[in-house]
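S.K.: First the structure, which I've put down as structure tokens, then a few questions once you've had a look.
The values are calculated or read from the model by the stated rules, or taken from the named source; none is laboratory data. Remember, predicted model here, so these are calculated numbers, not experimental data. Cβ: placed from backbone, ideal geometry, glycine included. Neighbour counts: every protein chain shown. SASA here: full protein model, heavy atoms, side chains in, ligands and nucleic acids out. Shrake-Rupley method; radii C 1.70, N 1.55, O 1.52, S 1.80 Å.
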Amino acid sequence: DTREAVLRFENVAIDYPKRGRVPAFRAAEYINLEIFPGEIVGLVGESGSGKTTLGRASVGLLPIAEGTLTVVGHDISHANQKDLRPLRQKTGIVFQDPGSSLNPRMPIGQSIGEPLFLAGGAKGKALDQRVQELLSSVELPTSYRNRYPHELSGGQRQRVGIARALALTPELLVADEPTSALDVSVQARFLDLLQELQQRLQFACLFVSHDLAVVDILAHRIAVMHRGRLVEQGTRDEILRHPKDPYTQRLIAAVPLPDPLAQRERRETRAASKASEGQN
Ligand code: ADP
Ligand code: MG
């Protein structure tokens, strides 16, 4: 691929420093990963394998110990907080727990508009207007801007999380298990919405999940993490249907996936029903 990667890890290692009696811990090493514009890369692996660590590092929330990390054109390998400011406006992150990532004392309209306001992107009427657009883009009534997080369901709060993450139209969105706290039916709607937004806005996306069925729906490519290392990367079908690495093979064997034909039909049906909804 000759295009510039939106996210590029080159031989990256990430450490958690020693804290009190807890010794320093290398949570990721030898990480090589690229995500290109418009691409969704699924990051899978069991709990504790280092997925969240990579996700947070991707948006500058964790420093790296070794290697080179390039995010939307900035080499942030040695960045300090001030260097990261321009980057924060081009990246967004959605966390697993939609409740804890929103300020409970802030009406959701204000939460959604905050990144834009702080970046000096809009204020007053223009900001209100943008918040309303963002609410509609995540299929929430604009009247909800005056509600507080506790007045929303989990699925609705997660959609607020997405609206906030997309407020500055980022080039990279990291979604860290955004559906794990949601009921199955709500999960499907949320994934539909994320997919539709991604197709429209074409941001690159690192989608972290331990759920292979979810990455099978969303991801163009998949990277498999095991004990702090990426053991295998490839297209969705390579990883899920023809895994080469023994760890990936075990991971896949543990969850029955629909066969590729059935899954393709499912995707096409979803796309067709989306298209016809759009016409109505
Ligand atoms: P995953 O998201 O795949 O479940 P994480 O990235 O959260 O994995 O964690 C990877 C490893 O790093 C785990 O062994 C975890 O215990 C450790 N870890 C995570 N956060 C911290 C932290 N703040 N301090 C020390 N170790 C941590
Ligand atoms: Mg995690």
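S.K.: Suppose the Debye formula is applied to equal point scatterers at every Cα of the range 31-190; what is log10 I(q)/I(0) at q = 0.13, 0.17 Å⁻¹?
M.R.: Taken in order of the listed q values, log10 I(q)/I(0) reads -0.65, -1.08.
S.K.: If you don't mind, another one. Taking the DSSP beta bridges in the chain as the whole, what percent of them are antiparallel, to the nearest 5? Could the numbers behind the result be given before it?
M.R.: Working: 21 of 38 bridges.
The answer is about 55 percent antiparallel.
S.K.: Relative contact order for the range 83-191: what percent, with Cα pairs under 8 Å and sequence separation of 6 or more? Before the final figure, lay out the partial values.
M.R.: Numbers: 152 pairs, mean separation 47.2, N = 109.
Here the relative contact order equals 43 percent.
S.K.: Given a 1.4 Å probe and heavy atoms of the protein chains only, how would you sort Lys51, Lys18, Lys244, largest accessible area at the top? Before the final figure, lay out each step's value.
M.R.: Values: Lys51 10, Lys18 140, Lys244 165 Å².
These residues rank, largest area first, as Lys244, Lys18, Lys51.
S.K.: About its Cα centre, what dipole magnitude does the chain give when the only charges are +1 on Lys and Arg Cβ and -1 on Asp and Glu Cβ, stated in debye to the nearest 20?
M.R.: Details: 35 positive and 33 negative charges, 168 e Å.
Dipole about the Cα centre, nearest 20: 800 debye.
S.K.: Give me the net charge of Ser180's neighbourhood, meaning all other residues with Cβ under 14 Å from the Cβ of Ser180; Lys, Arg count +1, Asp, Glu -1.
M.R.: Numbers: positive: Lys51, Arg157; negative: Glu46, Asp97, Asp176, Glu177, Asp183, Asp211.
Net local charge, Ser180 excluded: -4.
S.K.: Distance from the Cα centre of the range 61-100 to that of the range 44-60, in angstrom?
M.R.: Centre-to-centre distance over Cα atoms comes out at 13 Å.
S.K.: Considering all projection directions equally, how large on average is the shadow of the alpha-carbon convex hull of the range 176-232, in square nanometres?
M.R.: Values: hull surface 17.1 nm².
Taking the Cα atoms of the range 176-232, their convex hull projects to 4.3 nm² on average.
S.K.: Rounded to the nearest angstrom and ordered from largest down, what semi-axes does the equivalent ellipsoid of the chain get from its C-alpha gyration tensor (root of 5λ)? Don't skip to the answer; put the middle values down first.
M.R.: Numbers: eigenvalues 168, 130, 61 Å².
Working from the Cα gyration tensor, I get semi-axes of 29, 25, 17 Å.
S.K.: Could you sort the peptides 98-105, 174-181, 86-93 by per-residue average Cβ neighbour count (10 Å cutoff), highest mean leading? List each step's numbers first, then the result.
M.R.: On the way: 98-105: 15.2, 174-181: 23.1, 86-93: 19.9.
The peptides rank, most packed first, as 174-181, 86-93, 98-105.
S.K.: How much net charge surrounds Gly50 when only the other residues with a Cβ under 11 Å from the Cβ of Gly50 are counted, with Lys and Arg +1 and Asp and Glu -1?
M.R.: Working: positive: Arg26, Lys51, Arg56, Arg227, Arg229; negative: Glu29, Glu46.
In short, +3.
S.K.: Mind jotting down a quarter of the surface of the convex hull over the alpha carbons of the range 100-169, in square nanometres, one decimal?
M.R.: Working: hull surface 16.5 nm².
Average projection, Cα convex hull of the range 100-169: 4.1 nm².
S.K.: So what's the back-of-envelope 222 nm ellipticity for the chain, counting only DSSP H runs of four-plus at -39500 (n - 2.57) apiece and dividing by all residues, rounded to 500? Walk me through the numbers before you get to the answer.
M.R.: Values: 10 runs with 112 residues, N = 280.
Estimated from H runs of four or more residues: -12000 deg cm²/dmol.
S.K.: Once neighbouring chains are kept in place and the probe is 1.4 Å, which whole percent of the accessible area of the chain is contributed by carbon and sulfur?
M.R.: On the way: 7140 of 14390 Å².
Ligands and nucleic acids excluded, carbon and sulfur give 50 percent.
S.K.: Any idea how far the Cα center of the range 188-207 sits from the one of the range 108-141, in Å?
M.R.: Taking the Cα centre of each part, the range 188-207 and the range 108-141 sit 19 Å apart.
S.K.: Probe of 1.4 angstrom, ligands and nucleic acids ignored: what's the accessible area per residue over the range 34-101, in square angstrom?
M.R.: Counting only protein heavy atoms, the per-residue value for the range 34-101 is 44 Å².
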